[in-house]
Amino acid sequence: MKLFCHGNGYWYIRIRRGVERSTRTRDKAKAQRIFRQVEKEWLEGRLLRLDTSRVTLGEFRQEYLDHRRPLLSAGTVRRDDQALRSLAQVVGDGCLLRSITPRKITQWSGALAGRNVKAVTINSYLRHIRAALNTAVEWAKLDQAPRVKRLKEPQRRPRHFTPEQMDELLRAETNPERVRVWTFTLWTGARRQEVIDLTWERISLGRRPKARMIGKGNKERVVPLMPAAVEALGERRDIGPVFIFNLRREKRPRQVHPDSITRWFKELLDRVGIQGYRFHDLRHTAATYMVARGVDLRTVQAILGHADITTTMIYTHILSEDHLYDALLKSNFAGKMQENENRDQ
């Protein structure tokens, strides 16, 4: 058993390997007093295991954030904190973890909806709350996480760039390394993290070039590479990341954080004067173009890595009345209908 200080400034007691207890104080003298008391109880045999049945939401939130802060981006931890604080405002910081039921989650989401908080925002909070409660189960602070039901969101049409906008963006980008990323994303529909994580070992440049992408849930999919995407790969190498960048104060090119990609693209949009768009809209643009050019939805689903075909179906909004009419003509739908009528007669 020993007392130690985490990088966050809080003192912890390690009772045995894998079992730690926060003193919930940054005061060393106070932490030492708590440690002596715990050590005494341990030696007397009254602290054979930690009692997690009395863990409150407030206590767990602090420990959870302290655990995630060194591992994840500041933005993710901030959203974790916002979501859990929002829940605490309704159920109370002193609410026991085991007392957080689906009914209380529903009460919380209803309270936010009553304050005109958008469903998409509530669902974003729900994702962070669900992750936190699942972690509580892993840490044996909770027997079972309550079911968290998402709210129904109004369907929004995904934004996509027009060909003219894309030409303008690519002409305005002066950094060739970034041009490669914008172009490759446009022609593959890859997610931001998928582009950054792509390595040469997953590229096949044969008669039919393709890339094996690792997407959400660590699922692998094969994405065909059109000539423009192959050109965007740049100089062929045997191993290592495909997209690396020359940065200031860096001796050699390296990979970058996903937020850097987002920031660079936002700067480009501001420079060109295109408002209301983001890097992820390149993925929407790729999907929209594929659907508009007659690629069937199942193929688009496979290329984008959607788990559900209904997600892919949101891109059919671009099919105007004229486009639908032309598609029916191309399929000879009218001729087949006439054949059926003649057969019936």
Debye log10 I(q)/I(0) for the stretch 65-109, one point scatterer per Cα, at q = 0.19 Å⁻¹: -0.65
Extreme residue, positive dipole direction of the chain, given options Asn8, Thr183, Pro258 (C-beta unit charges): Asn8
Whichever lysines have a C-alpha closer than 27 Å to that of Lys28, once near sequence neighbours (fewer than 8 apart) are set aside: Lys2, Lys40, Lys141
Theoretical ellipticity at 222 nm over the chain - DSSP helices of four or more residues, -39500 (n - 2.57) apiece, nearest 500: -15500 deg cm²/dmol
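Quick one: order His160, His67 by neighbouring beta-carbon count within 10 Å, fewest to most.
Numbers: His160 21, His67 15.
Ordered by Cβ neighbours within 10 Å, fewest first: His67, His160.
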Rg/Rg_ref, the stretch 53-154, where Rg_ref = 2.2 N^0.38 Å and atoms are Cα: 1.01
Assigned charges on the beta-carbon of Lys, Arg, Asp, Glu; the stretch 53-154 dipole about Cα centre (debye): 420
Order of Thr183, Thr101 under a 10 Å beta carbon neighbour criterion, fewest first: Thr101, Thr183
For the chain, size of Cβ-based charge dipole, Lys and Arg +1, Asp and Glu -1, in debye: 1780
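Counting only C-alpha contacts under 8 Å and six or more residues apart, can you give the relative contact order of the chain as a whole percent? Intermediate values should be presented prior to the final figure.
Values: 366 pairs, mean separation 39.6, N = 345.
Once normalised by length, the contact order is 11 percent.
If R0 is 25 Å, what FRET efficiency do you get for Lys152 and Arg85 from their C-beta distance, rounded to 0.05?
So the FRET efficiency works out to roughly 0.50.
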The chain - Kirkwood radius from inverse mean 1/r over Cα pairs (Å): 24.7
Positive-end residue, the chain charge dipole about Cα centroid, Cβ charges, pick of Gly206, Thr23, Gly110: Thr23
The stretch 101-172 - Rg and Dmax from Cα coordinates, angstrom: 18.9, 56
The stretch 254-305, dipole about Cα centre (Lys/Arg Cβ +1, Asp/Glu Cβ -1), debye to the nearest 20: 80
Exposure proxy ranking, count of Cβ atoms within 10 Å, fewest first, for Asp308, Asp80: Asp308, Asp80
Equivalent ellipsoid, the stretch 132-278 (semi-axes from 5 times Cα gyration tensor eigenvalues, Å): 31, 22, 18
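Just to check, using Stokes-Einstein with a Kirkwood Rh over alpha carbon pairs, what's the diffusion coefficient of the stretch 205-306 at 37 °C and 0.692 mPa s in µm²/s?
Details: Rh = 16.2 Å.
Value of D from the Cα-based Kirkwood radius: 203 µm²/s.
Read-outs: derived from the displayed coordinates by stated rules, not from any lab. Since we're looking at a predicted model, the values are computed, not measured. All Cβ positions, even for glycine, are placed from backbone atoms using ideal geometry, and neighbour counts span all protein chains on display.
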